[in-house]
Amino acid sequence: MKELISELNERGIPNDDIGIAYADDKQKDEKFPPELVAKKKGIREVMETQEIVPSDIKILITTSQNKEGININDLDIKDMVVESHQRDEVRQMAGRVRNGLDNLIIVTDAKQHSSSGDQFIFQVNKNCKNGLNNAFQSWISADTARNCLDEKKQAIAKAEKMFRYLRYDYFSSEFRLYTGRKVGDDMAEDCEKAFRRYVSNWEDAEYTGDQYGYSTLCSWFPSANTVLYVNASNLRSETKKLLADVVGKVITKDERDSITIELQKIVKVYGPEDTGISRDFKSLGPALAKLGYRLENAADARHGTAFVIYKEDIIK
């Protein structure tokens, strides 16, 4: 969020036009400009009581805090950008805008914030539960003043930040294993793997059965037109990786055909909108030419049996 605000400022959008929303957190408040933090409470109140975004806010940046329990009835909000790759979260966020959106953009390469659900970390938390309870009770017993609610809450918050899968139960007055979070983390990890697979196989059911990317995202929003937008620089970057070990070297016909298949897969993910390469291209040479390479027949070899791929800027 901090980086996004900085980028918006660099593009000429002042903080007066920006609103932020996240759960109350004094440490997080310190990361943002004071004028944005000062507006946060008022924005929340307007959204809860009037069910609109304040008129002076042109761009609202929010965490998943507002994916539930908020109705936005503005008529002029037409675009939403989301970073989540979980279907239910994406649909919930889009559904907050009750009058509909013209464009819902899912950032496919956004880093996901959920834990990986590491089994080792879970086991460490499980084994530390008794030790944490003993340490906490000893800390409380050492000073009766620490048993007051505020002191106790601060200590509990520190412990819960340290142990992701342990939560304090005020009914039993002890830390307990938070298995629900582990289940949630595992589900989030599965969702992220599936989403990556959908993007990688946008129009190819070879690896995902009937659930390839285009059909899956269409099922998320049946009445919407679904398009995968790509960055040509990513296509060129992936092509460079593919050809790293073969540029300038003699390759066989079979190796050429293998490179063609791999490039076809890359183009389906990263192209061809910004490059002019057909998504269903057949010939390697014309496709490489649009990416700054050239395919030539190898010298001293029978025509069509051996080839060399050159980078355009090293061709004499």
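The values are calculated or read from the model by the stated rules, or taken from the named source; none is laboratory data. Predicted model, so just to flag it, every value in this text is computed and none were measured. We place every Cβ from the backbone using ideal geometry, glycine too, and count neighbours over all the protein chains shown. Surface accessibility is based on the protein's heavy atoms, side chains included, excluding ligands, DNA and RNA. Shrake-Rupley method; radii C 1.70, N 1.55, O 1.52, S 1.80 Å.
If you check every pair at least six apart or on different chains, which have Cβ atoms under 9 Å apart with a residue in the stretch 19-46 that is over 16 Å from ILE57 (Cα atoms) first and a residue that is open to solvent by 70 Å² or more (accessible area, probe 1.4 Å) and among the charged types (D, E, K, R) second?
ASP24/LYS41; LYS31/LYS2; PHE32/LYS2
Only one residue in GLU68, GLU7, GLU30 is of a type in the set (Asp, Glu), surrounded by fewer than 16 Cβ atoms within 10 Å (Cβ to Cβ) and over 27 Å from LYS161 (Cβ atoms). Which one?
That would be GLU7, the only listed residue that is of a type in the set (Asp, Glu), surrounded by fewer than 16 Cβ atoms within 10 Å (Cβ to Cβ) and over 27 Å from LYS161 (Cβ atoms).
Looking only at the stretch 71-83, which residues are farther than 22 Å from PHE32 by Cα and either at pLDDT below 90 or of a type outside the set (A, V, I, L, M) (or both)?
ASN71, ASN73, ASP74, ASP76, LYS78, ASP79
Looking at THR275, THR252 in this structure, which one is within 20 Å of ASP109 (Cβ to Cβ) and either open to solvent by less than 60 Å² (accessible area, probe 1.4 Å) or at pLDDT 90 or above (or both)?
None of the others qualify; the one that does is THR275.
Which helices (runs of 4 or more DSSP H) sit wholly inside the stretch 3-98 and have at least 2 residues that are among the small types (Gly, Ala, Ser) and under 20 Å from the mean Cα position of the chain (by Cα)?
Result: 87-95.
Please go through the stretch 207-224 and pick out each residue that is of a type outside the set (Ser, Thr, Tyr) and modelled with pLDDT under 55.
GLY209, ASP210
One line per residue, one yes/no per condition, for (1) under 19 Å from ALA188 (Cβ atoms); (2) in contact (Cβ under 8 Å) with a residue 60 or more places away in the chain:
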position: ILE77; (1), (2): no, no
position: GLU83; (1), (2): yes, no
position: VAL90; (1), (2): yes, yes
position: GLY95; (1), (2): no, no
position: ASN99; (1), (2): no, no
position: PHE120; (1), (2): yes, no
position: THR144; (1), (2): no, no
position: ALA159; (1), (2): no, no
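Determine if the stretch 178-190 includes at least one residue that is surrounded by fewer than 18 Cβ atoms within 10 Å (Cβ to Cβ), in a helix (DSSP H, G or I), in contact with a Gly (Cβ under 8 Å, 6 or more places away or on another chain) and charged (D, E, K, R).
So far as the stretch 178-190 goes, yes, one or more of its residues are surrounded by fewer than 18 Cβ atoms within 10 Å (Cβ to Cβ), in a helix (DSSP H, G or I), in contact with a Gly (Cβ under 8 Å, 6 or more places away or on another chain) and charged (D, E, K, R).
Condition (residue is touching an Asp or Glu at 6+ places or on another chain (Cβ under 8 Å), surrounded by 11 or more Cβ atoms within 10 Å (Cβ to Cβ), modelled with pLDDT under 90 and aliphatic (A, V, I, L, M)) applied to the stretch 109-127: is it met by at least one residue?
yes
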